[in-house]
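Below is one structure, written out as structure tokens; comments come after it.
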Protein chains: 2
Amino acid sequence: MKVGIIGGGAVGLFFAASLSQWFPVTVFTRTQEQAHTIQTKGIKVEEAGELSVRFPEAAPMDQFSRHAMDCIFIAVKQYQLPAILERLKESSLSPALIFLQNGMSHLTVLKTLPHQHLYVAAVEHGVLKSDTADIHVRGRGQTKIAVFRGDERAISAIVEQAAPSFPFEWKADYESMLLGKMAANSVINPLTAVLRVTNGELISNPYYLKMAKTIYREFSSVFANKLSAGAWEEIVHICRKTAPNRSSMLKDIESKRPTEVDAILGYVLSQAAEKDLKLPALQALYYMIKGLEYKEAE
Amino acid sequence: MKVGIIGGGAVGLFFAASLSQWFPVTVFTRTQEQAHTIQTKGIKVEEAGELSVRFPEAAPMDQFSRHAMDCIFIAVKQYQLPAILERLKESSLSPALIFLQNGMSHLTVLKTLPHQHLYVAAVEHGVLKSDTADIHVRGRGQTKIAVFRGDERAISAIVEQAAPSFPFEWKADYESMLLGKMAANSVINPLTAVLRVTNGELISNPYYLKMAKTIYREFSSVFANKLSAGAWEEIVHICRKTAPNRSSMLKDIESKRPTEVDAILGYVLSQAAEKDLKLPALQALYYMIKGLEYKEAE
């Protein structure tokens, strides 16, 4: 089973390092330089004070369609996805594809792919990238995964082999699976980025907690029937469990990188518009993040 | 005509320095130390590169009721007002009182005062306090003033004498006068404080401008019939004219001082609640400022 991973961010590197224990893995990176570093020095994984090094193959991203793969994990951000999807459509190969993106805005384009087996996943590992090919595993969780098209068999070998040290959990309904993660991302990510606070402060500061609840209420008004009953408690739980962490969107803003706000709040607002619903506080939060991005971009 | 000024902030010092050219003025300060500095070294006023020094009388605030005054300008912030009002009620003297506060939440308590002549004013000078008794006049504007109770005569000597170098402009309707200023304060102050930007960025960044317009729309839904037609254009004009300035609320947040958010957004929200109106974006902004204050206070 040949495994490809597109994207050399924290998640891509963690998947490459982990799966290369059992399968031949090639990780496709945006830069030639990163591919070279992985080839020569490997991926360094720090976890609970211990360091290990893994040596998957690595190549620049624009070459991925030349490699025959049985399955490909796509670990780029939403806004980097269109270019990858174009290449996937052009290729004559038809690997199983597993999409690891946050948000749900990729779901509509997934339908246009010719591939027989498509999966979406919600990654719950806490991983930071500390250097070109170095990652720090802060919290090992699991990867929730659901069939988008086809069936479980095309990647069941991976799911079975990787458990229990790198667990996957099959979910029956991809939509409610992604919605749960999206609710958390819609509340925690933009608020921590605008207010420049840790995840824990969102619930320890009573005014921020009210603000978080307001955003959650507007979110749930759009997806009420699909959202699980414990979604709000799950968000509070995540904030508590990851209290000292800075969210990915806060880190993006601080590092002047583009954020995933369009894939998260932008998607929620587009769904609300289709249902003729107004989400004034969430809309305001969207403008604030877009304004911060605009400022950083100037 | 004996003039008292309660409050040794930028506005109080500017009024004291200016009016002491024509009237015997006593400025009442929160600290003994500031009163001493004013008594011994005067108030230093820097304007357009020129420095002048004025020598009004000065005394600690808790002594103001011992001094017989013809009129008193009250230049403390909204949240410092209750203590002053208690003293004013206890005093047997009945000077004309001119309230210089932002916002409108003081209007209800004003009704409980026994004084014959009450005025409210909207100060449009741009003044910064640079040291204990030093101010920097960045933009000389005017003071809009309106009768709250009584008539114009009790302070007409001041208004006439001070023009044209320190102009007052009489307004017929105190409510729409204060509303215009409050609209600007509701939009510019909290947004610049949360986003940590200058007044100019609010209109040069297209996303912040949308956010500002959203807040303005919610504000105007509460006061539609009282708000002048050009109120939004006036806000844009203020942002353009004071583009490099940091708003007073932003400075309060940066200096970890309490802000005037309750007198501004808190008042708007209470008025909206009375009319059963929801202002979700403005409410969210209120929570964010309260959260910032809570954080600074911790």
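The values are calculated or read from the model by the stated rules, or taken from the named source; none is laboratory data. Computed from a predicted structure; not experimentally measured. For neighbour counting, all protein chains shown are included, and Cβ atoms are generated from backbone atoms with ideal geometry for every residue, glycine included.
Considering only residues that are within 27 Å of B:Asp276 (Cβ to Cβ) and among the polar types (S, T, N, Q), look in the range B:204-222 and name the one that is farthest from the other protein chains (Cβ to nearest Cβ).
Initially, the range B:204-222 is screened for residues within 27 Å of B:Asp276 (Cβ to Cβ), giving B:210-222.
Pick out the ones that are also among the polar types (S, T, N, Q) and you get B:214, B:220-221.
Working: B:Thr214: 6, B:Ser220: 14, B:Ser221: 11 Å.
Filtering first and then ranking leaves B:Ser220.
Can you name the residue in the range B:52-67 that is buried (at least 21 other Cβ atoms within 10 Å of the Cβ) and aliphatic (A, V, I, L, M) and, of all such residues, is modelled with the lowest pLDDT? So, considering only residues that are buried (at least 21 other Cβ atoms within 10 Å of the Cβ) and aliphatic (A, V, I, L, M), the one modelled with the lowest pLDDT is B:Met61. In summary, strands (runs of 3 or more DSSP E) completely within the range A:75-139 and bearing 1 or more residues that are touching a strand residue (DSSP E or B) at 6+ places or on another chain (Cβ under 9 Å) and within 13 Å of A:Arg149 (Cβ to Cβ) occur at A:96-99, A:118-123. Each residue in the range A:27-51 was checked for being exposed (fewer than 15 other Cβ atoms within 10 Å of the Cβ) and closer than 21 Å to A:Gly126 by Cα, and 4 of them qualify.
With respect to the stated conditions, A:Thr242 fails to be crowded, with 17+ Cβ neighbours inside 10 Å, of a type in the set (S, T, N, Q) and in contact with a helix residue (DSSP H, G or I) (Cβ under 7 Å, 6 or more places away or on another chain).
Identify the residue in the range B:141-153 that is within 15 Å of the chain's Cα centre (by Cα) and surrounded by fewer than 19 Cβ atoms within 10 Å (Cβ to Cβ) and, among all such residues, is modelled with the highest pLDDT. Across the range B:141-153, the extreme among qualifying residues is B:Gln142. Taking the condition touching a helix residue (DSSP H, G or I) at 6+ places or on another chain (Cβ under 8 Å), among the hydrophobic types (A, V, I, L, M, F, W, C) and either over 20 Å from A:Glu233 (Cα atoms) or touching a residue at least 60 places away in the same chain (Cβ under 8 Å) (or both), does A:Leu110 pass? Against the criterion (touching a helix residue (DSSP H, G or I) at 6+ places or on another chain (Cβ under 8 Å), among the hydrophobic types (A, V, I, L, M, F, W, C) and either over 20 Å from A:Glu233 (Cα atoms) or touching a residue at least 60 places away in the same chain (Cβ under 8 Å) (or both)), A:Leu110 does not qualify.
Is it the case that some residue within the range A:169-181 is aromatic (Phe, Trp, Tyr) and more than 29 Å from A:Val268 (Cβ to Cβ)? Walk me through how you get there before you give the answer.
Initial filter on the range A:169-181 (aromatic (Phe, Trp, Tyr)): A:170, A:174.
In the following step, the residues that additionally are more than 29 Å from A:Val268 (Cβ to Cβ) were identified as none.
For the range A:169-181, residues aromatic (Phe, Trp, Tyr) and more than 29 Å from A:Val268 (Cβ to Cβ): absent.
Only a single item in (1) within 12 Å of another protein chain (Cβ to nearest Cβ); (2) of a type outside the set (Gly, Ala, Ser); (3) touching a residue at least 40 places away in the same chain (Cβ under 8 Å) is not met by A:Pro244, and it is number (1).
Return a yes/no flag: does the range A:142-159 have any residue that is in a strand (DSSP E or B), of a type outside the set (Asp, Glu) and within 17 Å of A:Ile43 (Cα to Cα). Walk me through it before giving the result.
Taking the range A:142-159 first, the residues in a strand (DSSP E or B) are A:143-149.
Still in the list and also of a type outside the set (Asp, Glu): A:143-149.
Now drop any that are not within 17 Å of A:Ile43 (Cα to Cα), which leaves none.
No: the range A:142-159 contains no residue that is in a strand (DSSP E or B), of a type outside the set (Asp, Glu) and within 17 Å of A:Ile43 (Cα to Cα).
So if I check each of A:Val197, A:Val236, A:Val187, A:Val222, which one is free of Cβ contacts under 8 Å to residues at least 60 places away in the same chain, surrounded by 15 or more Cβ atoms within 10 Å (Cβ to Cβ), touching a Gly at 6+ places or on another chain (Cβ under 9 Å) and among the β-branched types (Val, Ile, Thr)? It would help to see each step written out before you state the result.
Details: A:Val236 fails: touching a Gly at 6+ places or on another chain (Cβ under 9 Å); A:Val187 fails: touching a Gly at 6+ places or on another chain (Cβ under 9 Å); A:Val222 fails: touching a Gly at 6+ places or on another chain (Cβ under 9 Å).
Answer to the selection: A:Val197.
Looking only at the range A:273-292, which residues are surrounded by 22 or more Cβ atoms within 10 Å (Cβ to Cβ) and more than 22 Å from B:Glu218 (Cα to Cα)? Of everything in the range A:273-292, just one residue is surrounded by 22 or more Cβ atoms within 10 Å (Cβ to Cβ) and more than 22 Å from B:Glu218 (Cα to Cα), namely A:Leu292.
Residues being hydroxyl-bearing (Ser, Thr, Tyr), closer than 19 Å to A:Gly9 by Cβ and within 13 Å of chain B (Cβ to nearest Cβ): count how many of those fall in the range A:248-298. Outline the logic, then answer.
Taking the range A:248-298 first, the residues hydroxyl-bearing (Ser, Thr, Tyr) are A:248, A:255, A:259, A:267, A:270, A:286-287, A:294.
Restricting the remaining residues to those that are closer than 19 Å to A:Gly9 by Cβ gives A:248, A:255, A:259.
Filter once more, so that each one left must be within 13 Å of chain B (Cβ to nearest Cβ): A:259.
Total satisfying the criteria: 1.
Here A:Val109 meets each of (1) surrounded by fewer than 16 Cβ atoms within 10 Å (Cβ to Cβ); (2) within 17 Å of the chain's Cα centre (by Cα); (3) at pLDDT 95 or above with one exception, condition (3).
One line per residue, one yes/no per condition, for (1) under 21 Å from B:Gln161 (Cα atoms); (2) out of contact with any strand residue (DSSP E or B) (no Cβ under 7 Å at 6 or more places or on another chain); (3) not assigned by TED's automatic domain parsing to the domain that holds B:Ser91:
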residue: B:Ala17; (1), (2), (3): yes, no, no
residue: B:Thr26; (1), (2), (3): yes, no, no
residue: B:Thr29; (1), (2), (3): no, no, no
residue: B:Ala35; (1), (2), (3): no, no, no
residue: B:Thr40; (1), (2), (3): no, yes, no
residue: B:Glu46; (1), (2), (3): no, no, no
residue: B:Phe55; (1), (2), (3): yes, yes, no
residue: B:Asp62; (1), (2), (3): no, yes, no
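A single member of B:Thr37, B:Thr26 is part of a strand (DSSP E or B) and either at pLDDT 95 or above or of a type in the set (Gly, Ala, Ser) (or both), and it is B:Thr26. From the list B:Asp134, B:Asp70, the lone residue that is closer than 18 Å to B:Gly8 by Cβ and buried (at least 17 other Cβ atoms within 10 Å of the Cβ) is B:Asp134. Answer with yes or no whether A:Val25 is in contact with a Gly (Cβ under 7 Å, 6 or more places away or on another chain) and among the aliphatic types (A, V, I, L, M). Answer is no for this residue. Restricting attention to the range B:164-179, the residues that are at pLDDT below 90 and buried (at least 16 other Cβ atoms within 10 Å of the Cβ) total 1.
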